[in-house]
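What follows is a structure written as structure tokens; I'll ask about it next.
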Amino acid sequence: MTAVQLPHATCKSLRILGKIREAPEDFRVEEIPAYAPSGRGDHLLVHFEKTGLTTPQAVRALANALDSPASEAGWAGLKDRVAITRQWASFAGADPERASGLELAGIRVLEAARHGNKLRTGHLRGNRFTLRIRGAAEGEHVARELLDGLRTGGAPNYYGEQRFGEQGSNLERARAWLMEGRRPPRDRFQRKLLISTLQSAAFNAWLAKRVEAGLSQLIEGDLARKEDTGGMFHIRDIEQEQARADAWEISATGPMLGRKMRAAEAEAGVQERELLEAWGGQATLERMGRLGPGTRRVVRIRPERHALHVDGQDLLLEFTLPKGAYATIILRELMKPGDDALARAGPPTA
């Protein structure tokens, strides 16, 4: 699979020209938490801003400053390094007074309060993005047209290139272990990372085919998710359920491969079984074991609460995405880059 073979949902001839991530302040992210601190408990929830650091780097620095074990710290999601991001993390037994107003290199604590449980992956509603596209002011009208299209039909919920490591290094390691049977990493975190990487790559390859067939189009046996409650059910009456999909009441989901993944049926089930075979079959699932039980991922996303402003020669774009979705996928639809690192998501036989 080459760069151009991960299709776009919007018209390929429509694109805006500009530069992104020229400086950390060009890419701002604000985490939307799933809940507020209760004010009581053995954990300290810390809301902090970081610049030029990965989430694990920032959390380790904060844990050291708070005399809390870094191994017991938790966070809801990973945030970009080349950006200014705000998120929450939890620290066992930490003192809120010590955290209040704390400033470290590249880190500024905004607030801190006690809570009863550790923060875990997925404990967030979504993320709010503010992005600067430099030199793109002349593309304002095209950008608005593309955003309208994304609001109507959605963008493919591809995993971003960050998922696969620098130059696809994590994906190559994942293939070597999970598909070719080479020695697995000793570290449990690394094993989980590589499993997640392979699952993400397989999902991208599956989703690329669905985009070509029509991102919003349901097929028999799809496992669909209700947008309001998250409940899932199999599609059997295409005509009736397609109207609900067009109204954004439901969306199809795709496979994150694993032994306990709830599978699609009928035609959709056949496609998923073919995907599994392309990515190593049952042998891959056996190597994943308990660390990769599998799940489902919705096929499409759309920018909510979006706004577009002209600032001199630049465009400022604001929008909210659900948890697990990548802002770079929205930018990809707007800018149609030719050198697309997501191409590494294809299986070795593609």
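The values are calculated or read from the model by the stated rules, or taken from the named source; none is laboratory data. All of these numbers come straight from a predicted model, not from anything done at the bench. Ideal geometry is used to build each Cβ from the backbone, glycine not excepted, and the neighbour counts take in all protein chains shown.
So if I check each of Arg108, Arg191, Arg98, Arg182, which one is of a type in the set (D, E, K, R) and under 22 Å from the mean Cα position of the chain (by Cα)? Can you show your working first?
On the way: Arg108 fails: under 22 Å from the mean Cα position of the chain (by Cα); Arg98 fails: under 22 Å from the mean Cα position of the chain (by Cα); Arg182 fails: under 22 Å from the mean Cα position of the chain (by Cα).
One residue alone meets the criteria, Arg191.
What's the number of the only condition in (1) within 23 Å of the chain's Cα centre (by Cα); (2) within 30 Å of Arg175 (Cα to Cα); (3) part of a helix (DSSP H, G or I) that Ala245 fails to meet?
(2)
What tally of residues in region 90-108 results from selecting those that are under 21 Å from Thr130 (Cβ atoms) and not in a loop (DSSP other than H, G, I, E, B)?
So in region 90-108, the residues under 21 Å from Thr130 (Cβ atoms) come out as 106-108.
Now narrow it down to the ones that are not in a loop (DSSP other than H, G, I, E, B): 107-108.
Looking only at that region, the number is 2.
Could you please find all residues in region 27-41 being of a type outside the set (Phe, Trp, Tyr) and surrounded by 14 or more Cβ atoms within 10 Å (Cβ to Cβ)? Walk me through it before giving the result.
Narrowing region 27-41 to residues of a type outside the set (Phe, Trp, Tyr): 28-34, 36-41.
Of everything in region 27-41, those that are of a type outside the set (Phe, Trp, Tyr) and surrounded by 14 or more Cβ atoms within 10 Å (Cβ to Cβ) turn out to be Arg28, Val29, Glu30, Glu31, Ile32, Pro33, Ala34, Pro37, Gly41.
Restricting the search to region 251-275, which residues are among the hydrophobic types (A, V, I, L, M, F, W, C), assigned to a helix (DSSP H, G or I) and surrounded by fewer than 19 Cβ atoms within 10 Å (Cβ to Cβ)?
Going through region 251-275, the residues among the hydrophobic types (A, V, I, L, M, F, W, C) turn out to be 252, 256-257, 261, 263-264, 266, 268, 270, 275.
After this cut, where a residue has to be assigned to a helix (DSSP H, G or I) as well, the list is 266, 268, 270, 275.
The answer is Ala266, Val270, Leu275.
Look through Leu147, Leu178 and report the one residue that is touching a His at 6+ places or on another chain (Cβ under 7 Å) and either of a type in the set (D, E, K, R) or at pLDDT 95 or above (or both).
Values: Leu178 fails: touching a His at 6+ places or on another chain (Cβ under 7 Å).
Only one candidate passes the filter, namely Leu147.
Please list, ordered by first then second residue, the pairs with beta carbon atoms under 6 Å, 6 or more apart or interchain, first in region 236-263 and within 18 Å of Leu207 (Cα to Cα), second surrounded by 13 or more Cβ atoms within 10 Å (Cβ to Cβ) and among the polar types (S, T, N, Q).
Every condition considered, the pairs that remain are Ala245/Ser216; Met256/Gln199; Met256/Thr295; Leu257/Gln199.
One line per residue, one yes/no per condition, for (1) more than 21 Å from Leu193 (Cα to Cα); (2) buried (at least 20 other Cβ atoms within 10 Å of the Cβ); (3) touching a Leu at 6+ places or on another chain (Cβ under 8 Å):
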| site | (1), (2), (3) |
| --- | --- |
| Asp67 | yes, no, no |
| Glu72 | no, no, no |
| Arg81 | no, no, yes |
| Ala89 | no, yes, yes |
| Leu104 | yes, no, yes |
| Leu110 | yes, no, no |
| Arg114 | yes, no, yes |
| Asn117 | yes, no, no |
| Arg128 | yes, no, no |
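Could you go through region 247-264 and let me know if any residue there is touching a helix residue (DSSP H, G or I) at 6+ places or on another chain (Cβ under 6 Å) and closer than 30 Å to Ala23 by Cβ.
Scanning region 247-264, I find no residue that is touching a helix residue (DSSP H, G or I) at 6+ places or on another chain (Cβ under 6 Å) and closer than 30 Å to Ala23 by Cβ, so the answer is no.
Determine whether Arg120 is touching a residue at least 12 places away in the same chain (Cβ under 8 Å), assigned to a loop (DSSP other than H, G, I, E, B), within 28 Å of the chain's Cα centre (by Cα) and at negative phi. Let's see the steps before the verdict.
Numbers: touching a residue at least 12 places away in the same chain (Cβ under 8 Å): yes; assigned to a loop (DSSP other than H, G, I, E, B): yes; within 28 Å of the chain's Cα centre (by Cα): yes; at negative phi: yes.
It is true that Arg120 is touching a residue at least 12 places away in the same chain (Cβ under 8 Å), assigned to a loop (DSSP other than H, G, I, E, B), within 28 Å of the chain's Cα centre (by Cα) and at negative phi.
Give Arg173, Arg183, Arg191 a once-over and let me know the one that is at pLDDT 95 or above, under 15 Å from Thr284 (Cα atoms) and not in a helix (DSSP H, G or I). Before the answer, list the steps.
Values: Arg173 fails: not in a helix (DSSP H, G or I); Arg191 fails: not in a helix (DSSP H, G or I).
Checking each option against the conditions leaves just Arg183.
Can you name every residue in region 277-292 that is surrounded by 15 or more Cβ atoms within 10 Å (Cβ to Cβ) and free of Cβ contacts under 8 Å to residues at least 60 places away in the same chain? Walk me through how you get there before you give the answer.
Step one: of region 277-292, the residues surrounded by 15 or more Cβ atoms within 10 Å (Cβ to Cβ) are 278-280, 284-285, 287-288, 291-292.
Residue satisfying the conditions is Leu285 alone.
For Ala92, only one of the following conditions fails: (1) within 25 Å of the chain's Cα centre (by Cα); (2) at pLDDT 95 or above. What is its number?
(1)
Could I ask something else about it? For region 206-258, name all the residues that are closer than 26 Å to Gly289 by Cα and of a type in the set (Asp, Glu).
Residue satisfying the conditions is Asp222 alone.
Which residue pairs have Cβ atoms under 7 Å apart, sit 6 or more places apart or on different chains, and have a first residue in region 57-72 that is polar (S, T, N, Q) and a second that is not in a helix (DSSP H, G or I)?
Ser68/Phe91; Ser68/Ala92; Ser68/Gly93; Ser68/Ala94
To continue, here is another question. Restricting to region 246-267, what's the tally of residues that are in contact with a strand residue (DSSP E or B) (Cβ under 7 Å, 6 or more places away or on another chain), within 11 Å of Asp222 (Cβ to Cβ) and either outside the structural domain of Ala201 (by TED's automatic domain parsing) or aliphatic (A, V, I, L, M) (or both)?
Result for region 246-267: 3.
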